[in-house]
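**Q** There's a structure below that I have some questions on.
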């Protein structure tokens, strides 16, 4: 009896990437809206603190260089 030859169609690169990406997104533990807001506040506070620190250092070094060169 003749055997059937079954060809398995390979997925194209983009289709495979999309399918795997959606699969991985289903595994993500998404934060609740409350957790997202709390984390957003933490990020904003850290950005503000770093801006103040870096701005202060910039001011001090500008004054120091001005005194040395002036």
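**Q** May I ask you to list the residues of segment 20-39 whose amide nitrogen lies under 15 Å from a point 7 Å from Cα along the Cα→beta-carbon direction of residue 47?
**A** Only 37-39 fall inside the zone, counting backbone N under 15 Å.
**Q** What is the angle, in °, between the Cα long axis of helix 13-27 and the longest principal axis of the Cα atoms in the chain? Nearest 10 is fine, range 0 to 90.
**A** Tilt relative to the chain: about 70 degrees.
**Q** Which angle from 0 to 90°, rounded to the nearest 10, does the C-alpha axis of helix 33-69 make with the longest principal axis of the chain?
**A** Computed tilt is about 40 degrees.
**Q** With Cα Rg over 2.2 N^0.38 Å as the read-out, I listed (i) 1.10; (ii) 2.56; (iii) 0.96; which label goes with the value calculated from this structure?
**A** Label (ii) holds the value from this structure.
**Q** Now a separate question. Residue 5 to residue 40: extension gain in nm, 0.36 nm per residue of separation minus the Cα-Cα distance?
**A** The span from residue 5 to residue 40 would gain 6.9 nm if fully extended.
Each reported figure results from applying straightforward, stated rules to the coordinates on display, with no laboratory input. From a predicted model like this one, the values you see are computed outputs, not experimental measurements. In this analysis, Cβ positions are derived from the backbone assuming ideal geometry, glycine residues included, and neighbour counts consider all displayed protein chains.
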